[in-house]
Amino acid sequence: MSDNRPIGVFDSGLGGLTVVKELLRLMPAESIVYLGDTARCPYGVRSDDAIRRFALQDARFLMAMDIKMLIVACNTVSSVALDHIRKDVSEIPVIGVVLPGCKAAVLRTAEKKVGVIGTPATIRTEAYARTIASIDKGIKVYGKACPLFVPLAEEGLADSEITRSAAQYYLYELVDTGMDCLILGCTHYPLLMETIQGVVGNSIEVLDSAFWTAKEAQDILGALNAAADGGRDGLGASTFHVTDMTPNFEKSARRFLGSGITRIEKIDLEDLCGEKQEASR
Ligand code: DGL
């Protein structure tokens, strides 16, 4: 059996394309419907209420596209609003990015000490610490918010002195904890992987939650016999939606996805959701 319906993926912006990149690398025949809420990005500095409201609108937009699986490719939303979304969407599997990264870290940490970096909202919720504790209570989790990393990744400054300085500033206290695994708990951070690895050193394994999320999606589709037919051009059949066509959109998309995007449409989420209301900026 196969299922050629698309996989729905959303993020606060374009960072979730790092998850799409891994999905298409593992499953090139799968098509994606992507939503990036670029008009309201970043979510990571907002209140839980605002994040939940935006997340439901994002999920409902994708649910109207006849998708077979919903991937919340945003650590902030996965940390703050995943249960909220699951209450609304019960017909198809809903995957967040927190659990897959945690499962990988639990299997890898010999020292039983794991570091997690993310946006202020992700770290504030302690979602990673709670998820890891639900698998193994003996593991210590050290979280650190790194708010400068998102703009640095967006500006294309991944390999620069300024990013190295920011990484040193944020990460040295984590290195001092004796952790042996560091989870990149934000969709933008895979772009900074080399700089982060350089700063923490090779004895610490840096885990990219985008890869582990794609792997989880592949396992679930396999178990459900719901993978797409082989031989399809998944990327060619994928569609991309944004809520604002930001000026450096194309450059950013290429940076996160590793290739260009052709089928792109700008949408108005609040109009579509019938909730034309003041954005909580
Ligand atoms: N996508 C967000 C995350 O993974 C980062 C950008 C934002 O703050 O919205 O946490």
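Every number in this text was worked out from the coordinates using simple rules, so none of it is lab data. On a predicted model such as this, the values are computed, not experimentally measured, just so you know. Neighbour counts are summed over all protein chains in view; Cβ atoms, including those assigned to glycine, are modelled from backbone coordinates with ideal geometry.
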L224-E265 pseudo-label distance in nm [points 7 Å out on the Cα-to-Cβ vector]
2.3 nm
At 0.36 nm per residue, minus the direct Cα-Cα distance, what do Y169 and K140 gain on full extension? Give it in nm, one decimal, please.
8.3 nm
Under the √(5λ) rule applied to the eigenvalues of the Cα gyration tensor, what semi-axes describe the equivalent ellipsoid of the stretch 128-194? Give them in Å, descending.
25, 13, 9
Sorted from largest down, what three extents in whole angstroms do the Cα atoms of the chain have along their principal axes?
47, 42, 34
Once the dipole of the stretch 220-271 is set up with Lys and Arg at +1 and Asp and Glu at -1 on Cβ about the Cα centre, which of G230, F249, L269 lies farthest towards its positive end?
G230
Among all the aspartates and glutamates, which ones have a C-alpha under 17 Å from K87's C-alpha, if same-chain residues fewer than 8 places away are not counted?
D48, D49, D58
Scan around H241 for amide H atoms under 5 Å from its own, H built in the peptide plane at 1.01 Å from N, and keep only partners 5 or more places away or cross-chain.
Y34, L35, G36, E265
Size-normalised alpha-carbon gyration radius of the stretch 70-158, reference 2.2 N^0.38 Å
1.16
In whole Å, what are the Cα extents of the stretch 48-100 along the three principal axes, biggest one first?
27, 24, 16
Express the C-alpha Rg of the stretch 186-236 as a ratio against the empirical globular expectation 2.2 N^0.38 Å, rounded to two decimals.
1.58
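Which entries in the list K21/K103; K140/K215; K103/K137 go over 23 Å, if you measure between the two C-alpha atoms of each?
K140/K215
What net charge is computed for the residues neighbouring L221, neighbours being all others with C-beta under 12 Å from the C-beta of L221, Lys and Arg scored +1, Asp and Glu -1?
Computed value for this residue: -1.
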Which whole-Hz couplings ³J(HN,Hα) result when phi for each residue of the stretch 34-43 is put into the Karplus expression 6.51 cos²θ - 1.76 cosθ + 1.60, θ = phi - 60°, listed in order with x for Gly and Pro?
10, 10, x, 7, 4, 5, 10, 6, x, 8
Distance between the stretch 1-61 and the stretch 192-214 - C-alpha centres, whole angstrom:
22 Å
Phi to ³J(HN,Hα) by Karplus 6.51 cos²θ - 1.76 cosθ + 1.60 over the stretch 238-247, Hz, x for Gly, Pro:
7, 10, 10, 10, 10, 9, 8, 8, 5, x
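By how many nm would the segment from A64 to E194 grow when fully extended, if each residue of separation counts as 0.36 nm and the alpha-carbon distance is taken off?
On the way: separation 130, 0.36 × 130 = 46.80 nm, distance 3.81 nm.
Stretched out fully, the A64 to E194 stretch lengthens by 43.0 nm.
Quick one: putting +1 on the C-beta of Lys and Arg, -1 on the C-beta of Asp and Glu, what dipole do you get for the stretch 216-270 around its Cα centre, in Debye to the nearest 20?
The calculation lands at about 300 debye.
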Most packed first (mean Cβ within 10 Å per residue), the peptides 153-165, 70-82, 258-270 order as 70-82, 153-165, 258-270
Quote the relative contact order of the chain in percent (integer), defining contacts as alpha-carbon pairs under 8 Å separated by 6+ residues.
28 percent
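So what is the calculated 222 nm ellipticity per residue for the chain, using -39500 (n - 2.57) for each DSSP H run with n of 4 or more, over all residues, to the nearest 500 deg cm²/dmol?
Here the helix-only value at 222 nm equals -13000 deg cm²/dmol.
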Would you mind computing, in nm to one decimal, how far apart the modelled labels at D176 and N248 are, each placed 7 Å from Cα along Cα→Cβ?
3.3 nm
Rounded Å value of the spacing that divides the Cα centres of the stretch 74-96 and the stretch 220-271:
19 Å
How many nm separate the modelled label positions at A110 and S90, each set 7 Å beyond the Cα in the direction of the Cβ?
4.6 nm
With no solvent and one equal point scatterer per Cα, compute the Debye intensity ratio I(q)/I(0) for the stretch 114-253 at 0.11, 0.13, 0.20, 0.21 Å⁻¹ and report its log10, rounded to two decimals.
-0.52, -0.71, -1.22, -1.27
